[in-house]
1. If A:E194 satisfies every condition in (1) farther than 26 Å from A:N230 by Cβ; (2) under 52 Å from the mean Cα position of the chain (by Cα) but one, which is the exception?
2. What are the residues in segment A:43-66 that are in contact with a Lys or Arg (Cβ under 9 Å, 6 or more places away or on another chain) and of a type in the set (A, V, I, L, M, F, W, C), if any?
3. Quick test for you: out of A:I216, A:I167, pick the one residue that is modelled with pLDDT of 75 or more, outside any loop (DSSP other than H, G, I, E, B), over 35 Å from the mean Cα position of the chain (by Cα) and on the phi < 0 side of the Ramachandran plot.
4. Just to be sure before I move on: is A:A178 assigned to a helix (DSSP H, G or I), modelled with pLDDT of 55 or more, assigned by TED's automatic domain parsing to the domain that holds A:A213 and surrounded by 14 or more Cβ atoms within 10 Å (Cβ to Cβ) in the structure I sent?
5. If I filter segment B:44-84 down to residues being among the aromatic types (F, W, Y) and within 14 Å of another protein chain (Cβ to nearest Cβ), which single residue comes out as farthest from B:K166 (Cα to Cα)?
6. Can you name every residue in segment B:175-205 that is within 9 Å of chain A (Cβ to nearest Cβ) and not in a helix (DSSP H, G or I)?
7. Please go through segment B:13-69 and pick out each residue that is assigned to a helix (DSSP H, G or I) and small (G, A, S).
Amino acid sequence: MSAMQPNKPKLTPQEQENLTAYLDHELDDAGAEQVTAALSRRPEVRKEAETLRKTWEMLDYLPRPLAPKSFTEHTLTRLSATKGILLQQGMKWRRYAIAGWAACLVTAAASGFWFTYSFNREPDVVEVQAPETDVIPVLEKSPGEAPKTTTTETKLAKKDANAQQRIQDAQRRNERLAKQFNRLFAEVRKKYNEEEEDRLIKLSRKGGLPYMAALIELAKKYDVPLVDPNESGGTPGKNNKKTGKNTSPGE
Amino acid sequence: MQLLGKTSQAFAVQDPDVRLMLRVRNEDQAAFQELVAKYQHRLIGILSHLCGSSDEAEDLAQEVFLRVYRARADYHPQAKFSTWFFTIANNVALNALRRKRRKPSYQLDPLVSQSGTQSARPEESLVHATSTEPDRRMRHQELARVVELALSQLNERQRLAVVLNKFEEMSYEEIATVIGISAKAVKSLLSRARTQLRDILRTYVETELMDDSQVAPIIMEPNP
């Protein structure tokens with residue numbers, strides 16, 4: 001058994017690698033020259049080279065199994081079967097893909113419409129409702145219909161027309177309201193004292209609800225009618241909060 | 001016909017197998033059949049040394065060809081066809097070996113299964129072979145088993161590098177591509193493999209058996 005033990009290596013691992021590469025013709029010119037020189041000078045390198053060469057030749061004893069004659073046919077048969085499975089899988093995936101694409105398109109269309117509608121819809125109209133009697137006017141949003149996305153142009157056109165109508169109504173109401181308050185102010189200024197004048201002027205710079213409330217307060221104080229009795233067509237009616245339409249007789 | 005880049009054109013001109021594979025890429029069934037016929041023996045030869053069984057090698061070889069077919073659309077020649085082909089083979093073989101390790105199955109040692117005797121180390125069986133088997137063919141067969149057993153003692157990478165270098169005459173660079181390591185690492189890998197084989201087969205190498213016999217590979221007839 002001792003004869004079977006390998007001898008102690010006399011070459012360094014680097015020399016061993018270079019020698020193997022030399023035998024495989026994988027060394028560059030400089031490396032090959034070094035190995036050639038070592039082979040000529042050192043008998044242990046020559047012996048190692050010969051041993052490696054013989055060992056390599058021994059691999060020729062290895063059996064080389066051949067493919068059976070039916071191998072090509074079997075492979076092509078298996079390929080056909082696999083192609084069928086792949087085709088079925090492909091069809092299945094194609095169906096999923098189509099459904100997925102359809103879902104994506106619908107979602108994209110709905111999102112696009114929603115964004116477009118959201119950015120282009122009419123601004124919320126702030127209406128200042130003229131008091132019918134002794135009601136303090138309040139700021140109130142136009143209770144327009146909640147935006148709904150539809151896909152038909154008819155519905156869109158109808159909604160646009162409604163929105164335009166609501167804007168025009170709001171503008172008319174605002175004009176009428178401004179007119180009423182101007183009349184109220186003209187009547188009140190004839191009666192208020194200096195202190196009330198200062199306060200009203202200050203509030204008028206700020207505008208809005210406090211000014212109107214103060215004006216109405218003074219009108220009540222000095223018995224100035226809130227509604228012009230001479231105005232034909234009556235007073236601005238109550239705002240129907242549900243429809244946003246003015247239900248006054250004059251409308 | 002898909003357009004080819006300059007590199008692909010260069011390989012297509014130099015390597016007829018690249019041209020064959022390009023025909024496969026263009027859905028030429030006859031070309032694929034030709035490819036299978038051309039590479040089947042070489043592939044099974046390599047795979048049988050990697051997995052140690054002809055039957056398993058045949059199954060794996062079919063798997064390799066199927067993968068080649070599936071990958072045809074993405075084939076863009078960047079190297080010799082055989083390099084690309086054996087890279088796929090290496091991947092398939094390594095996957096199979098991993099599966100095998102996870103589900104180990106008992107296999108008879110080749111020496112036991114053939115001779116029915118106790119498994120012996122290569123050098124021991126060699127002594128037995130040389131001293132008691134006068135028949136040349138019998139001796140060749142015994143030597144074949146000894147070398148096969150010696151090869152099986154290398155690790156998977158060493159074994160693949162050895163068989164690609166020996167039987168496919170691949171350069172270090174090509175082996176590096178197949179295994180996925182550097183050419184320098186292949187140099188080291190092959191050196192260690194050959195040193196290990198030398199140690200295992202030293203007894204035989206140091207006898208004069210090689211001198212009085214012209215070594216010829218034993219071609220194993222496939223099962224019908």
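1. So A:E194 meets the others, but not (2).
2. A:V45, A:L52, A:W56, A:L59, A:L62
3. Working: A:I167 fails: over 35 Å from the mean Cα position of the chain (by Cα).
Going through A:I216, A:I167 in turn, just one is modelled with pLDDT of 75 or more, outside any loop (DSSP other than H, G, I, E, B), over 35 Å from the mean Cα position of the chain (by Cα) and on the phi < 0 side of the Ramachandran plot: A:I216.
4. On the way: assigned to a helix (DSSP H, G or I): yes; modelled with pLDDT of 55 or more: yes; assigned by TED's automatic domain parsing to the domain that holds A:A213: yes; surrounded by 14 or more Cβ atoms within 10 Å (Cβ to Cβ): no.
So A:A178 fails the test.
5. Narrowing segment B:44-84 to residues among the aromatic types (F, W, Y): B:65, B:69, B:75, B:81, B:84.
Subsequent filtering for residues that are within 14 Å of another protein chain (Cβ to nearest Cβ) retains B:65, B:69.
Values: B:F65: 22, B:Y69: 27 Å.
Among those residues, the one meeting the criterion is B:Y69.
6. Across segment B:175-205, the qualifying residue is only B:L201.
7. Looking only at segment B:13-69, we keep the residues that are assigned to a helix (DSSP H, G or I), and these are B:13-14, B:16-25, B:29-51, B:54-69.
Passing the criteria: B:A30, B:A31, B:A37, B:G45, B:S48, B:S54, B:A57, B:A61.
Conditions (1) facing chain B (nearest Cβ under 7 Å); (2) free of Cβ contacts under 8 Å to residues at least 12 places away in the same chain, marked per residue:
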{"site": "A:Q34", "(1), (2)": "no, no"}
{"site": "A:S40", "(1), (2)": "no, yes"}
{"site": "A:E48", "(1), (2)": "no, no"}
{"site": "A:R53", "(1), (2)": "no, no"}
{"site": "A:R64", "(1), (2)": "yes, yes"}
{"site": "A:E73", "(1), (2)": "no, yes"}
{"site": "A:L76", "(1), (2)": "yes, yes"}
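The values are calculated or read from the model by the stated rules, or taken from the named source; none is laboratory data. Fair warning: this is a prediction, and the values are worked out from it, not measured in the lab. Note that we place each Cβ from the backbone using ideal geometry, even for glycine, and neighbour counts take in every protein chain shown.
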